[in-house]
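> I have a structure here, written as structure tokens, and I will follow up with some questions on it.
The values are calculated or read from the model by the stated rules, or taken from the named source; none is laboratory data. All values derive from a computational prediction rather than experimental measurement. Glycine gets a Cβ as well: all are built from the backbone with ideal geometry, and neighbour counts include every protein chain shown. Ligands, DNA and RNA are excluded from the accessible area calculation, which covers all protein heavy atoms including side chains. Shrake-Rupley method; radii C 1.70, N 1.55, O 1.52, S 1.80 Å.
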Amino acid sequence: MTDNTMTDTDDLKTHLLVAIEASASLDALEAVRVDALGKQGRVTQLLKTMGALSPEERQARGPAIHGLREAVTSAIAARKSHLEQVALDAQLASEALDMTLPADAPLPGTVHPVSQVMDELAEIFADLGFAVASGPEMETDWHNFGALNIPETHPARAMHDTFYLAGREDSDPNDRETPRVLRTHTSPVQIRTMLANKPPIRIIAPGRTYRSDSDATHTPMFHQVEGLVIDKGITLGHLKWTLETFLKAFFERDDIVLRLRPSYFPFTEPSAEVDVGYSVVKGKRVIGGSEGWMEVLGSGMVHPKVIEACGLDPDEWQGFAFGCGIDRLAMLKYGMDDLRPFFDGDIRWLKHYGFSALDMPTLSGGVGTPA
Ligand code: PHE
């Protein structure tokens, strides 16, 4: 390939620089590089001739030859990075997804059972006149404990395995603005709702809650739903009727039997834990009947101190509250026996237990019809 007529370095330089600039692809550029700088390349040949030159000639011609090699090398590098950029741009343009196009295949995702149960709860309680309320997951001590009649020294605080937030030591436990804990239950939403709304109040508050606990039936993050009714003349009878109506609608059975057991929560008086009866069918526990009892929720009449902490007169306003684990409800209704896969994000589990996004729970259609 050596062109013997073109030995003049300036002409060669011009020729090579034009060829480099004209190469339209990385392959073409590589061919030019080999032609110039390869073992048999023209610049390489020229460099080899330097050995045969006299010291004077070398001094005269050396800088031009070395200059040629440098100019060609850097022109190739510049052209190479330009061509690579062009190739990358073309690839990105060809791989672009138009997110505004309508889907032409069935939706691949499923609705998580926890979301499904939350939708079912909202649907059931909306029919009873309850609104859906919410509160922050990073909560103040005051909302999570103090206002719920759980003072700093109360043993119930230890029962909650609380996750404390950084900076807690330097802040005031009665500060109503600065978050100090991850909420250990949804009960602080009772406080926020009573502070922000005039009674009568009827709300449910589903959401995430956190406790430092982990085994087959406990995860550090889990879900609860809170219920709160504040009105005049509210009694335990209203609580029992509401829970019975809710659980019958949720499990879609009329043979739901409830058992209220006296219990203790600092924010309710009296307090009751609620068990729901189950039967054993083919060795499996099925909700309904009363062969055995399973605890499903905590409840009670809202403590006068809690009503007072929210600026209401407990002689005028009474109410009931309940709190229930949503994950547990989902397990009981849809037959999962381990809680941990709920939060693994395993696509196979989600396909098996998930619900169609288009299958919204409605009372008329049955709130829990599986996809
Ligand atoms: N917050 C309680 C818990 O997490 C449940 C509860 C809510 C009990 C409301 C009574 C009234 O265990």
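> What single numbered condition from (1) more than 16 Å from the ligand (Cβ to nearest atom); (2) at pLDDT below 95; (3) under 22 Å from the mean Cα position of the chain (by Cα); (4) of a type in the set (V, I, T) fails to hold for T162?
(1)
> So, in segment 134-159, exactly how many residues are touching a residue at least 60 places away in the same chain (Cβ under 8 Å) and within 12 Å of the ligand (Cβ to nearest atom)?
The qualifying residues number 4.
> Within segment 136-157, which residues are surrounded by fewer than 21 Cβ atoms within 10 Å (Cβ to Cβ) and either in a loop (DSSP other than H, G, I, E, B) or not assigned by TED's automatic domain parsing to the domain that holds L228 (or both)?
Residues satisfying the conditions are P136, E137, N149, P151, E152, T153, H154, P155.
> Can you tell me which residue among F265, F250, F246 is touching a strand residue (DSSP E or B) at 6+ places or on another chain (Cβ under 6 Å) and of a type outside the set (G, A, S)?
Numbers: F250 fails: touching a strand residue (DSSP E or B) at 6+ places or on another chain (Cβ under 6 Å); F246 fails: touching a strand residue (DSSP E or B) at 6+ places or on another chain (Cβ under 6 Å).
Result of the check over F265, F250, F246: F265.
> If a residue counts only when it is over 20 Å from V117 (Cα atoms), modelled with pLDDT of 95 or more and in the same structural domain as L339 (by TED's automatic domain parsing), which strands (runs of 3 or more DSSP E) contained entirely in segment 210-317 have at least 3 such residues? Break it down stepwise before answering.
Values: elements: 221-231, 258-265, 268-281, 284-287, 292-302.
Strands (runs of 3 or more DSSP E) meeting the threshold: 221-231, 258-265, 268-281, 292-302.
> Pairs needed: first member in segment 227-241, under 21 Å from G135 (Cβ atoms); second member anywhere, open to solvent by 30 Å² or more (accessible area, probe 1.4 Å) and within 16 Å of the ligand (Cβ to nearest atom); C-beta distance under 6 Å; at least 6 residues apart or different chains.
Qualifying pairs under 6 Å: V229/R202.
> Among what's in segment 183-209 and is open to solvent by 40 Å² or more (accessible area, probe 1.4 Å) and touching a residue at least 24 places away in the same chain (Cβ under 8 Å), pick the residue that is nearest to D127 (Cα to Cα).
Filtering segment 183-209 for residues open to solvent by 40 Å² or more (accessible area, probe 1.4 Å) gives 192, 195-198, 200, 202, 208.
From what is left, the residues that are touching a residue at least 24 places away in the same chain (Cβ under 8 Å) are 192, 195, 200, 202, 208.
On the way: R192: 23, L195: 25, P200: 17, R202: 12, R208: 23 Å.
Ranking the qualifying residues of segment 183-209, first place goes to R202.
> Moving to a separate point now. Among the listed residues G167, G129, which satisfies the condition of being open to solvent by 10 Å² or more (accessible area, probe 1.4 Å), more than 14 Å from the ligand (Cβ to nearest atom) and more than 29 Å from the chain's Cα centre (by Cα)?
Working: G167 fails: more than 29 Å from the chain's Cα centre (by Cα).
Going through G167, G129 in turn, just one is open to solvent by 10 Å² or more (accessible area, probe 1.4 Å), more than 14 Å from the ligand (Cβ to nearest atom) and more than 29 Å from the chain's Cα centre (by Cα): G129.
> Being more than 23 Å from the chain's Cα centre (by Cα) and modelled with pLDDT under 85 narrows it down to one of G366, G335, so name that one. So that I can check it myself, show each step before the final result.
Numbers: G335 fails: modelled with pLDDT under 85.
Sole residue among the options that is more than 23 Å from the chain's Cα centre (by Cα) and modelled with pLDDT under 85: G366.
> Quick one: would you say V274 is touching a residue at least 40 places away in the same chain (Cβ under 8 Å), closer than 20 Å to I204 by Cβ and touching a helix residue (DSSP H, G or I) at 6+ places or on another chain (Cβ under 7 Å)?
Values: touching a residue at least 40 places away in the same chain (Cβ under 8 Å): yes; closer than 20 Å to I204 by Cβ: yes; touching a helix residue (DSSP H, G or I) at 6+ places or on another chain (Cβ under 7 Å): yes.
Judged against the criteria, V274 is a match.
> Also, I was wondering about something else. Report yes if some residue within segment 183-200 is away from the ligand (no atom under 14 Å from the Cβ), assigned to a loop (DSSP other than H, G, I, E, B) and among the basic types (K, R); otherwise report no.
Looking through segment 183-200, at least one residue is away from the ligand (no atom under 14 Å from the Cβ), assigned to a loop (DSSP other than H, G, I, E, B) and among the basic types (K, R).
> Return the residue satisfying two criteria in turn: it lies in segment 318-352 and is open to solvent by 40 Å² or more (accessible area, probe 1.4 Å) and part of a loop (DSSP other than H, G, I, E, B), and of such residues it is nearest to K284 (Cα to Cα).
Only one residue fits best here, namely D337.
> Would you check which residues across segment 316-333 are out of contact with any His (no Cβ under 7 Å at 6 or more places or on another chain), of a type in the set (A, V, I, L, M, F, W, C) and within 15 Å of the ligand (Cβ to nearest atom) and list them?
A321, F322, C324, L329
> For residues in segment 220-271 being exposed (fewer than 15 other Cβ atoms within 10 Å of the Cβ) and among the aromatic types (F, W, Y), which is nearest to the ligand (Cβ to nearest atom)?
The selected residue is Y264.
> On the given criteria, is V114 of a type in the set (A, V, I, L, M, F, W, C), touching a Phe, Trp or Tyr at 6+ places or on another chain (Cβ under 7 Å) and open to solvent by less than 70 Å² (accessible area, probe 1.4 Å)?
Judged against the criteria, V114 is a match.
> Can you find a residue that is under 26 Å from G129 (Cα atoms), under 32 Å from the mean Cα position of the chain (by Cα) and within 14 Å of the ligand (Cβ to nearest atom) anywhere in segment 301-315?
No, segment 301-315 has no match at all.
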